[in-house]
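Structure record follows, encoded as structure tokens.
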Amino acid sequence: MPMEIGDKDDSVEMLKNIHISSHDDDRDDDADPEEVEDLMNDDDDDDDEDDDEVQKPVTLGFVEKPKNEWSLLRQLFPSKAGGAPAWLDPDNLPSGRSRLCDICEQPLQFLLQVYAPTSDRESTFHRTLYLFTCPSMSCLLRDQHEQWKRPAVNASRSVKVFRCQLPRDNPFYLSEPPRHDGSDKPLGSGAPLCNWCGTWKGDKICGSCREARYCSEKHQAMHWRSGHKVMCQNSSRNAGSSSADDHKPASRSLWPEHEIVNEDEAEYDVDVSADLDNTNCLVSRNQMDDSINSLVKSFQGDSDRRSWGNFQERVARAPEQVLRYCRNVCSKPLWPISSGQPSAADIPNCSYCGKPRCFEFQVLPQLLYFFGVKNDVDSLDWATIAVYSCEESCDGAASYKEEFAWVQVSSPSQVVP
């Protein structure tokens, strides 16, 4: 996502572009920017807040299939969604209960990661945030209820965020920028990972072949039932060789892997683009116009409907966006629902340095469309997931520091089962 590395070093400048790529989009440059603005002018106070948010530069994230089989390897510092994470520090992974859903106590599933280094200090030359969630909708609903607890650090959560950062000179990667030609290699292979999910450290070993590794008894049992029962007796691999670099996860329930590419929101017209009629878009222009007009007619003081209308209007500029990034102490998410917004007191301070957390990015429900998640009653769904991270991006003993995520489900009428 947006990077603040200085421009004086050519090699650093090359590194700045590691995770920034173009998202092709033909836009209608003749759109009237006042048309939608007038449509949404129902409340002066709301307009002032919206204008403040619009003035802050926002980077939009889009997903696309990786160009090469090596494009999303950790030594290329990718931003990616689905599949297994590309751990920045491959040795000192999150462990214990931090990798479990606090509600069902099952291993969390990788959702996405954002590579977002800053120029604040040398220790943030490389910086990545990782977002995980339990795939159970009932756990997500419970999570939404639990996040209101104060202090929030004692809440049981099914959505967790981890921040990892490294200086330019570190034991895992060369200090020179990657060549992006398939020849880049990391320094060392990293910790052995779970053969089933490819996500968490495999600290349990198959008792039969003594080679396959697992992060939990559940994943061991799932791998056994899926075919490892037959395969492990004939395995010829050396014990302890199952790292992120030499095997793919056996699980077929991981979300499809995509690269996240980025564009500035300012590049998109303020009106709904004419190319929404493109069959590759999530919604057609007529569908979006009808949806917005229907909501506008029924606003009349309903803050949730007004918030949803503003959300729809902003997202309609680039309807396939799955992520909105704007790390700034004054920035805030684009909330779909007014009544589900947190106050400043609901966002806990950093548990490592005690400094406040600020908004960094939010994930939109469009990502579930690209993951192929069905629109069933029990399917995973959210209105947005907003991620907050330490303002100082502090250092400390832990390689992966847990940050905070605020969840809004798709409808405020949904309740904890």
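The values are calculated or read from the model by the stated rules, or taken from the named source; none is laboratory data. Computed from a predicted model, the values in this text were never measured in an experiment. Reconstructed Cβ throughout: ideal geometry from the backbone, glycine too, with neighbour counts over all protein chains shown.
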Query raised in the report: Looking at segment 356-366, is at least one residue within 22 Å of Val63 (Cβ to Cβ), among the charged types (D, E, K, R) and at pLDDT 95 or above?
Result: yes
Requested in this report: Being under 20 Å from the mean Cα position of the chain (by Cα), among the polar types (S, T, N, Q) and surrounded by fewer than 22 Cβ atoms within 10 Å (Cβ to Cβ) is the filter here, so list the residues in segment 313-341 that pass it.
Outcome: Asn328, Ser331, Gln341
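Conditions tested, residue by residue: (1) at positive phi; (2) at pLDDT 95 or above; (3) hydrophobic (A, V, I, L, M, F, W, C); (4) in contact with a Leu (Cβ under 7 Å, 6 or more places away or on another chain).
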{"position": "Gln300", "(1), (2), (3), (4)": "yes, no, no, no"}
{"position": "Lys332", "(1), (2), (3), (4)": "no, no, no, no"}
{"position": "Asp346", "(1), (2), (3), (4)": "no, no, no, no"}
{"position": "Phe370", "(1), (2), (3), (4)": "no, yes, yes, no"}
{"position": "Tyr388", "(1), (2), (3), (4)": "no, yes, no, no"}
{"position": "Ser410", "(1), (2), (3), (4)": "no, no, no, no"}
{"position": "Pro417", "(1), (2), (3), (4)": "no, no, no, yes"}
Query - Among the residues listed as Arg213, Arg179, Arg150, the single one being out of contact with any Phe, Trp or Tyr (no Cβ under 7 Å at 6 or more places or on another chain), modelled with pLDDT under 95 and either closer than 17 Å to Arg99 by Cβ or buried (at least 16 other Cβ atoms within 10 Å of the Cβ) (or both) - result: Arg213
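Residue-wise test of (1) without any contact (Cβ under 8 Å) to a residue 24 or more places away in the chain; (2) farther than 24 Å from Asp264 by Cα; (3) surrounded by fewer than 18 Cβ atoms within 10 Å (Cβ to Cβ); (4) of a type outside the set (A, V, I, L, M, F, W, C).
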position: Ser343; (1), (2), (3), (4): yes, yes, yes, yes
position: Asp346; (1), (2), (3), (4): no, yes, yes, yes
position: Tyr352; (1), (2), (3), (4): no, yes, yes, yes
position: Lys355; (1), (2), (3), (4): no, yes, yes, yes
position: Leu367; (1), (2), (3), (4): no, no, no, no
position: Gly372; (1), (2), (3), (4): no, yes, yes, yes
position: Asn375; (1), (2), (3), (4): yes, yes, yes, yes
position: Ala386; (1), (2), (3), (4): no, no, no, no
Query raised in the report: Given (1) buried (at least 17 other Cβ atoms within 10 Å of the Cβ); (2) more than 30 Å from Ser339 (Cα to Cα), where does Ser189 come up short, assuming only one miss?
Result: (1)
Report task. Could you grab me the full set of residues in segment 107-134 that are crowded, with 21+ Cβ neighbours inside 10 Å and of a type in the set (Lys, Arg)? Result -> Arg127
